[in-house]
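These notes are about the structure you will find just below.
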Amino acid sequence: MRILLSAVLLATGIATAAAAPAVTDFVRGTLAAAGVPPTLFAFAAAPAKAPEGAHSEGDGHGHDKAPNKAEPSNESAGHAHGGHEHKEGEEHAEEGVIRMRPEQVAGQDIEVAKVEGGTLARHILVPGTITPDTDRIARVPAKVVGTVAEMRKRLGDLVKKDEVVAVLDSREVADAKSEYLTAVVRAELEKTNFDRQQALWDKRVSAESAYLNAKAVYTEAALRQDLARQKLSALGLNAAEVAKLAKQDEATPNASTLRQYELRSPLAGRVVERKVDVGTAVGKEGDPSDVYTVADLSTVWIELSVPTVELARVREGARVVVTPSQEGGDRRAEGKVVFVSPLLNQETRSARVIVALPNQDMAWRPGTFVTAEVEIAQDKVGVRIPKSALQTVEGKRAVFVRTEAGFEKREVELGRSDDDSYEVTAGLKPGEEIAVANSFLLKAELGKGEADHDH
């Protein structure tokens with residue numbers, strides 16, 4: 001009877017285990033009291049059929065091993081990492097490091113430069129006006145009384161130094177030329193007479209008084225010739241050219257140059273003003289005194305008004321960066337201070353400062369209002385980097401240092417600065433290479449790598 005009861009309980013336990021994945025403590029106790037071995041509990045507690053997708057390992061004796069609870073399964077490990085597997089050599093695995101091959105760096109136009117010391121320049125902003133360089137502007141004056149016969153240059157034309165730009169018809173010039181030519185002929189004649197009298201006196205053929213009289217007359221004629229030559233020179237005429245043209249006029253009497261007076265440009269430049277027309281009378285009181293104004297605008301001046309409080313810091317030779325004051329102007333040019341006036345304007349209480357500005361392309365026109373950045377100090381620093389190299393990462397200023405594997409984020413401490421650069425007081429040493437252009441791409445790559453790592 002006992003054996004029959006044990007068999008019934010055993011069958012009941014096995015059926016219960018098949019229906020439920022685990023056996024309750026009550027059933028276990030009942031079966032134990034009936035003498036059922038404990039190994040049958042484990043057999044009864046084992047699942048009849050493995051869940052789909054599950055894996056089991058044998059112990060080599062036909063028994064399944066129980067799962068090790070100390071080691072997470074693949075499924076739980078994958079869940080803890082958001083379903084992302086970590087591969088060997090993954091980029092950005094190390095914090096602050098960006099792995100990039102040289103061809104990747106070149107492909108993204110990331111420019112790298114060596115860290116060096118340098119100079120930081122401080123400046124002040126002052127308004128100014130472009131004017132012609134007074135040393136490079138000249139007027140073509142009408143030095144004689146006459147009438148304009150030819151105008152050989154138009155407004156805006158380029159001229160060379162000593163080039164003929166206009167021709168006047170002048171009676172005053174004709175008189176001066178005639179006087180000189182007459183004096184030349186008279187001097188030559190008196191010289192011939194003096195030479196003859198001197199030869200006769202040497203032979204004691206003529207009287208001494210005749211020799212001395214001939215000498216005095218020749219001396220007077222030579223003096224008159226010299227005075228006539230100086231008069232031509234005062235009018236800007238060359239005596240040798242006048243004599244040469246006079247001989248040419250003898251062959252062509254209908255094309256006389258006796259009354260012509262050529263006006264020449266005193267410097268090379270451009271005609272910026274034309275004041276007369278053909279037929280205009282010039283030279284007399286009330287008449288125009290100038291025919292043209294020629295300016296060399298390859299260099300222009302900028303007149304600045306510097307306040308008294310800033311004047312002590314402005315020095316001659318200082319570097320100046322000029323930009324147009326009008327909206328939309330994007331030109332920039334560099335000049336230097338050539339003059340600082342020791343006198344103050346009584347009305348504006350400012351000093352006149354002159355800046356020389358190169359203008360080879362003629363882009364800076366006189367009369368234009370500009371803004372000038374006048375350098376007032378230069379500070380030597382041990383480590384200087386361009387502003388384009390800096391990025392803000394997690395609220396801190398950082399640069400990206402070039403390494404063999406790619407780039408490394410490096411936090412830096414900054415000191416003084418100017419418009420283009422910063423002084424680095426900590427975090428960098430001279431000789432290290434950093435990204436100075438398109439460094440924002442490295443910041444984005446770093447942020448992407450750290451976001452992937454957080455998952």
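Name every residue in region 341-361 that is β-branched (Val, Ile, Thr) and either crowded, with 17+ Cβ neighbours inside 10 Å or without any contact (Cβ under 8 Å) to a residue 12 or more places away in the chain (or both), in order of residue number. Hits for region 341-361 are VAL353, ILE354, VAL355.
Checked against (1) open to solvent by 60 Å² or more (accessible area, probe 1.4 Å); (2) under 28 Å from ALA138 (Cβ atoms); (3) assigned to a loop (DSSP other than H, G, I, E, B), ARG315 passes all but a single condition, namely (2).
Specify which of the listed residues (ALA138, ALA243, ALA174) is touching a residue at least 60 places away in the same chain (Cβ under 8 Å) and in a strand (DSSP E or B). Testing whether each residue is touching a residue at least 60 places away in the same chain (Cβ under 8 Å) and in a strand (DSSP E or B) leaves just ALA138. Selection over region 321-364 of residues that are more than 18 Å from LEU311 (Cα to Cα) and modelled with pLDDT under 85 gives a count of 7.
Scanning region 93-116 for residues that are at positive phi and open to solvent by 50 Å² or more (accessible area, probe 1.4 Å) yields a single hit, ASP109. Of the residues examined, LYS429 is one that is part of a loop (DSSP other than H, G, I, E, B) and either open to solvent by 70 Å² or more (accessible area, probe 1.4 Å) or over 14 Å from VAL112 (Cα atoms) (or both). Number of residues in region 124-181 that are under 30 Å from VAL306 (Cα atoms) and hydroxyl-bearing (Ser, Thr, Tyr): the value is 3.
Taking region 378-413 as the range and being under 22 Å from ALA444 (Cβ atoms) and of a type in the set (A, V, I, L, M) as the test, the residues that pass are ILE385, ALA389, LEU390, VAL393, ALA398, VAL399, VAL401, ALA405, VAL412. Taken together, THR147, THR119 contain a single residue that is surrounded by 14 or more Cβ atoms within 10 Å (Cβ to Cβ) and outside any loop (DSSP other than H, G, I, E, B), which is THR147. For region 376-413, the candidate set comprises residues that are out of contact with any Gly (no Cβ under 9 Å at 6 or more places or on another chain) and among the acidic types (Asp, Glu); within that set, the residue that is surrounded by the most Cβ atoms within 10 Å (Cβ to Cβ) is ASP379.
Quickly run through region 184-195 and pick out the residues that are in contact (Cβ under 8 Å) with a residue 12 or more places away in the chain and charged (D, E, K, R). Correct list: ARG186, GLU190, LYS191.
Tell me which residues, restricted to region 278-300, are outside any loop (DSSP other than H, G, I, E, B) and open to solvent by 40 Å² or more (accessible area, probe 1.4 Å). Across region 278-300, the qualifying residue is only ALA281.
The single condition among (1) assigned to a strand (DSSP E or B); (2) within 23 Å of GLY117 (Cβ to Cβ) that VAL374 does not satisfy is (2).
For VAL306, state whether it is over 17 Å from PRO358 (Cα atoms), part of a strand (DSSP E or B) and of a type in the set (A, V, I, L, M). Considered against the rule, which asks whether it is over 17 Å from PRO358 (Cα atoms), part of a strand (DSSP E or B) and of a type in the set (A, V, I, L, M), VAL306 comes out as yes. Among the residues of region 220-275, just one is open to solvent by 40 Å² or more (accessible area, probe 1.4 Å), of a type in the set (Val, Ile, Thr) and under 18 Å from ARG152 (Cβ atoms), namely VAL272.
Here's the yes/no breakdown for (1) more than 27 Å from LEU258 (Cα to Cα); (2) outside any helix (DSSP H, G or I); (3) open to solvent by less than 40 Å² (accessible area, probe 1.4 Å):
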site: LEU181; (1), (2), (3): no, no, no
site: VAL185; (1), (2), (3): no, no, no
site: LEU189; (1), (2), (3): no, no, no
site: ASN193; (1), (2), (3): yes, no, no
site: ARG196; (1), (2), (3): yes, no, no
site: TRP201; (1), (2), (3): yes, no, no
site: SER206; (1), (2), (3): yes, yes, yes
site: ASN213; (1), (2), (3): yes, no, no
site: TYR218; (1), (2), (3): no, no, no
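The values are calculated or read from the model by the stated rules, or taken from the named source; none is laboratory data. None of these values were measured; they are calculated from a predicted model. Note: ideal-geometry Cβ built from the backbone for every residue, glycine included; neighbour counts use all protein chains shown. Heads up: the accessible areas ignore ligands, DNA and RNA and are worked out on the full protein's heavy atoms, side chains in. Shrake-Rupley method; radii C 1.70, N 1.55, O 1.52, S 1.80 Å.
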